[in-house]
Amino acid sequence: MPDKNRNNKGWLSGLRDIFASVKLTVALLLALAAVAIIGTLIPQNQPHIFYITKYKETAARLIFLLQMDNMYHSPWFRALVTMLAANILVCSITRLKTVFKIVFLKKPSFSVKNFERNTVETFPTEKTPEDLQKGCNDLLLKKFHTTQLEQADKGFRVFAERGRITRLGVYLVHFAVLLLLCGTLISSISGFEGYVQIPEGQAVNSVQLRDSDKTMPLGFAIRCDDFEVSFYKSGRPKEYRSTLSIIEDGKVKLTKDIVVNRPLRYKGFNIFQSSYGTSVKDVDMVFTSKKSGLSYHRKMHIGDTIQIPENLGSFKLTDFVESYRFMGQHNIGPSLVGIIARDKEKPQMVVLPIQFPSFDKMRRGKVTIAAEHFSKAMYTGLQVTKDPGVPVVYASFILIILGIYIAFFTSHQKFCVMAVRIDGRTTTVTVSATANKNRPAARKTAQQLAKKIKRL
Amino acid sequence: MLNSYILSYTTFIYGLAMVCYMSGLIFKSKIASKAGTVITIIAAVCNLLGIIIRWAESYKLGFGHIPLSNLYESLVFFAFAVSVVYLVFEARFSTRAFGAATTLFAFLALAYASLKPGAGQEIQPLIPALKSNWLTAHVITCFLGYSAFAIAFGISVIYLLTAGKDDRASVHNKGIIPPPETLDEIIYQTVVFGFFFLSIGIITGAVWANTAWGRYWGWDPKETWSLITWFIYATLLHARLMRGWQHKRIAWFAIIGFGAVLFTYFGVNLLPGLHSYQ
């Protein structure tokens, strides 16, 4: 009993009914569109301070509360996508049951009634139905592989069909969209996107993860052998080219030039040309002790730490800045930044503008540091990614295109050729066609059939 | 350069075609409408010639590439695509009722391309990001989609202007404008055509992004807006096929959808992003 059933299942069937409705699909698609619009109007992934200064206080609070600063990764955006996926799944399964019955029928069923209003052509002929029967059947058999012949009053009917499987096209699209969502899920769970800058001649074995402070070890090293940027006469950039070597277990495994649009792929990692710039190659540092007045010269790279003689502590050269703003205001030009540390004392940041060698005297420390001479080098900025979701996503892309094509440009067409003797001398031949969509295409085929039958 | 001259003249040929189609509608003259078709074909041929010559001229300059790389070139291709897609649908439905709207689009696109400063009328070499075979596939499919949506928009406007009128006295009976059912069918079919190509356009764009930047989707404003457009037309198709929406509601939907197309094309250039034609 349907009523009893409903009571038994209760909320579960109610839930299924909700997710099986196309109204929900329409609502979800429009909601996703609306949310996406908001995401393009509010700049995404900016630091908190950006929103506080740009918007009014209440608006900024609302933005943080609803995570509109990272809209496309917010829980409620994901909830909408999940609901859409559930909607597609439930809708498709519910309807597939009926469609399977039609598509995987052993013997197709034809009913004359369906063709009554779909006559494409009717013409008289002197031939008898008996004369025509074999010819018509063979003609349809040749084109459609199977036919169904039926004797009628004073004549015959032949039915044929094609494209029954195309009824599944729309489900292929839906399945492909679900597959796409699975692919993106794989991407977001096990994929990563990182960035690294490598000065010419140097190598790195880990990258900085995007949108986080973490670094990711690669299991091999990337060395930048060379970086070159070329320009057109007009000054537009022509090409950014990095020569990269992959070093694993102390051996160079491969060397390749990469440019934008032609990345290097190694062990599931993709290495893309992303940016470039200049950095410091090596610096001649001078450490002058206040106590003894002696100067010590040392050659350093960015990232190096050395012990200053006379037990004056350690110095780490951390950064090179193209134009440094001292106290956040005065531009003191290209500068090196380092950290000096001595036991028990608080580590101190030291700024060393190249143009002002005695700048560090202002600090009044036990040691004065100056950068005497330095050489610049180009660095290449590389985007490093690993994304196991890509093959799944690409497969879904192919299926989506194929599915949309089948769903909209092909159809399940049925044809009927009927020949009836109306008097002793003439037979009327009727060719009819129906289709689940795109009727004109089916009618065109029927016209061609009629032409051929006339010639029999 | 030669291509610019040809393309400027093509603008006026489209304008002339539009005048013919318009007179056909206003004076209910079939001859004028037929002249419109002939002139549109001539304009489309000139348009294609302009594109080919521009392509050849870029090789003469020493940095040859298919002319699909900036706002000017994309507008020129849009004018060509919209007229070709239109001519196909004109032949398919044997009606010239929406010729005026379509040639107006082609005319506006070319006029805007020539007149807008900084659209990129002079041939420029490709910047590194655009040096990819995916450029051709991505731009052509996207613009075939946009063209079909533009035509659907044009028909929807005509539909909404004529559908409410008294049938006996209206233009429908004279065979100038097809009956509302046919217009409805043409809107549906152009939207389906556009949806198919927009889907391929988004997908080729995603594959290209993955080869250039290592991510197939990054919520760049243009990407997002193309997805919004896709959502709107997907809604239209579901509403029509599953809920039986027709006529005025579908026409309004096609108009809103085209608004999203326009924003994807032009509006996004106001926002910073990878597609801003700079």
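Kindly indicate whether A:F64 is in contact with a helix residue (DSSP H, G or I) (Cβ under 9 Å, 6 or more places away or on another chain) and aromatic (F, W, Y).
yes
For region B:207-219, name all the residues that are of a type outside the set (A, V, I, L, M, F, W, C) and either more than 24 Å from A:I271 (Cα to Cα) or within 9 Å of another protein chain (Cβ to nearest Cβ) (or both).
B:N210, B:T211, B:G214, B:R215, B:Y216
Looking for something surrounded by fewer than 21 Cβ atoms within 10 Å (Cβ to Cβ) and acidic (D, E) - is there at least one such residue anywhere in region B:52-67?
Yes: one or more hits.
Yes or no, residue by residue, for (1) in the same structural domain as B:Y86 (by TED's automatic domain parsing); (2) surrounded by fewer than 21 Cβ atoms within 10 Å (Cβ to Cβ); (3) of a type in the set (D, E, K, R); (4) over 18 Å from the mean Cα position of the chain (by Cα):
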site: B:F193; (1), (2), (3), (4): no, no, no, no
site: B:I202; (1), (2), (3), (4): no, no, no, no
site: B:W213; (1), (2), (3), (4): no, no, no, yes
site: B:W219; (1), (2), (3), (4): no, yes, no, yes
site: B:H238; (1), (2), (3), (4): no, yes, no, yes
site: B:R243; (1), (2), (3), (4): no, yes, yes, yes
site: B:I255; (1), (2), (3), (4): no, yes, no, no
site: B:V268; (1), (2), (3), (4): no, no, no, no
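Quick check on region A:43-62. Is at least one of its residues within 12 Å of chain B (Cβ to nearest Cβ) and either among the small types (G, A, S) or not in a loop (DSSP other than H, G, I, E, B) (or both)?
no
What is the one condition in (1) surrounded by 16 or more Cβ atoms within 10 Å (Cβ to Cβ); (2) part of a helix (DSSP H, G or I); (3) modelled with pLDDT under 85; (4) more than 9 Å from every other protein chain (Cβ to nearest Cβ) that B:L161 does not satisfy?
The one condition B:L161 does not meet is (1).
Working only within region A:280-330, note down all residues that are modelled with pLDDT of 85 or more and among the hydrophobic types (A, V, I, L, M, F, W, C).
A:V283, A:M285, A:V286, A:F287, A:L294, A:M300, A:I306, A:I308, A:L312, A:F315, A:L317
Would you confirm whether or not region B:114-127 contains a residue that is of a type in the set (S, T, N, Q), surrounded by fewer than 23 Cβ atoms within 10 Å (Cβ to Cβ) and either at pLDDT 85 or above or under 24 Å from B:T229 (Cα atoms) (or both)?
yes
Pick out the one residue from A:L96, A:L84 that is under 28 Å from A:L30 (Cα atoms), within 14 Å of another protein chain (Cβ to nearest Cβ), assigned to a helix (DSSP H, G or I) and among the hydrophobic types (A, V, I, L, M, F, W, C).
Of A:L96, A:L84, the one residue that is under 28 Å from A:L30 (Cα atoms), within 14 Å of another protein chain (Cβ to nearest Cβ), assigned to a helix (DSSP H, G or I) and among the hydrophobic types (A, V, I, L, M, F, W, C) is A:L84.
Looking at (1) within 30 Å of B:T141 (Cα to Cα); (2) crowded, with 19+ Cβ neighbours inside 10 Å, which is the one condition that is false for A:P388?
So the condition that A:P388 fails would be (2).
Within the bounds of region A:269-279, is there any residue that is assigned to a strand (DSSP E or B), more than 13 Å from chain B (Cβ to nearest Cβ), surrounded by 17 or more Cβ atoms within 10 Å (Cβ to Cβ) and in contact (Cβ under 8 Å) with a residue 24 or more places away in the chain?
yes
For region A:347-376, enumerate the residues that are surrounded by fewer than 17 Cβ atoms within 10 Å (Cβ to Cβ), of a type outside the set (S, T, Y) and part of a strand (DSSP E or B).
A:Q348, A:M349, A:E372, A:H373, A:K376, listed by residue number.
For region A:81-127, what are the residues that are hydroxyl-bearing (S, T, Y), within 30 Å of A:F19 (Cα to Cα) and touching a helix residue (DSSP H, G or I) at 6+ places or on another chain (Cβ under 9 Å)?
Of everything in region A:81-127, those that are hydroxyl-bearing (S, T, Y), within 30 Å of A:F19 (Cα to Cα) and touching a helix residue (DSSP H, G or I) at 6+ places or on another chain (Cβ under 9 Å) turn out to be A:T82, A:S92, A:T94.
Of (1) without any contact (Cβ under 8 Å) to a residue 40 or more places away in the chain; (2) assigned to a helix (DSSP H, G or I); (3) surrounded by fewer than 22 Cβ atoms within 10 Å (Cβ to Cβ); (4) in contact with a Ser or Thr (Cβ under 9 Å, 6 or more places away or on another chain), A:A442 satisfies all except one. Which?
The one condition A:A442 does not meet is (3).
Suppose we filter A:K143, A:K113, A:K127, A:K134 for residues that are in a loop (DSSP other than H, G, I, E, B) and either basic (K, R) or away from chain B (no Cβ under 14 Å) (or both); which single one remains?
Within the list A:K143, A:K113, A:K127, A:K134, the selection yields A:K127.
Pairs, please: C-beta under 7 Å, at least 6 apart or cross-chain, first residue over 20 Å from B:M242 (Cβ atoms) and in region A:5-25, second modelled with pLDDT under 80 and among the charged types (D, E, K, R)?
Sorted first by the residue in region A:5-25, then by its partner, the pairs are A:S13/A:R6.
Assuming A:Y171 fulfils every condition listed in (1) assigned by TED's automatic domain parsing to the domain that holds A:V112; (2) at pLDDT 90 or above apart from one, which condition is it?
Result: A:Y171 passes all but (1).
Please indicate, with yes or no, whether at least one residue in region A:17-25 is touching a helix residue (DSSP H, G or I) at 6+ places or on another chain (Cβ under 6 Å) and not in a helix (DSSP H, G or I).
So far as region A:17-25 goes, yes, one or more of its residues are touching a helix residue (DSSP H, G or I) at 6+ places or on another chain (Cβ under 6 Å) and not in a helix (DSSP H, G or I).
Residue by residue, here is whether (1) assigned to a strand (DSSP E or B); (2) away from chain B (no Cβ under 13 Å) holds:
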residue	(1), (2)
A:S187	no, no
A:N205	yes, yes
A:S242	yes, no
A:S245	yes, yes
A:K253	yes, yes
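Quick test of your reading of the structure: B:T204 fulfils all but one of (1) farther than 16 Å from A:R210 by Cβ; (2) more than 7 Å from chain A (Cβ to nearest Cβ); (3) in contact with a Gly (Cβ under 9 Å, 6 or more places away or on another chain). Name the failing condition by number.
(3)
Would you say B:F149 is within 28 Å of B:V38 (Cα to Cα) and at pLDDT 95 or above?
The answer is yes for B:F149.
Select, from A:K238, A:K291, the only residue that is among the basic types (K, R) and more than 30 Å from A:F315 (Cβ to Cβ).
A:K238
Residue by residue, here is whether (1) hydroxyl-bearing (S, T, Y); (2) in the same structural domain as A:L449 (by TED's automatic domain parsing) holds:
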| position | (1), (2) |
| --- | --- |
| A:M71 | no, no |
| A:W76 | no, no |
| A:T82 | yes, no |
| A:N87 | no, no |
| A:K127 | no, yes |
| A:L132 | no, yes |
| A:C136 | no, yes |
| A:T147 | yes, yes |
| A:V158 | no, yes |
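Would you point out the residue of region A:255-268, among those that are more than 12 Å from chain B (Cβ to nearest Cβ) and basic (K, R), that is farthest from B:N133 (Cα to Cα)?
The residue in question is A:K267.
Restricting to region A:207-240, count the residues that are within 14 Å of chain B (Cβ to nearest Cβ) and in a loop (DSSP other than H, G, I, E, B).
Counting residues in region A:207-240 that are within 14 Å of chain B (Cβ to nearest Cβ) and in a loop (DSSP other than H, G, I, E, B) gives 7.
Within region A:436-445, can one find any residue that is touching a helix residue (DSSP H, G or I) at 6+ places or on another chain (Cβ under 7 Å) and more than 15 Å from A:V177 (Cβ to Cβ)?
Looking through region A:436-445, at least one residue is touching a helix residue (DSSP H, G or I) at 6+ places or on another chain (Cβ under 7 Å) and more than 15 Å from A:V177 (Cβ to Cβ).
The values are calculated or read from the model by the stated rules, or taken from the named source; none is laboratory data. Quick caveat, the model's predicted, so the values are computed rather than measured. Neighbour counts are summed over all protein chains in view; Cβ atoms, including those assigned to glycine, are modelled from backbone coordinates with ideal geometry.
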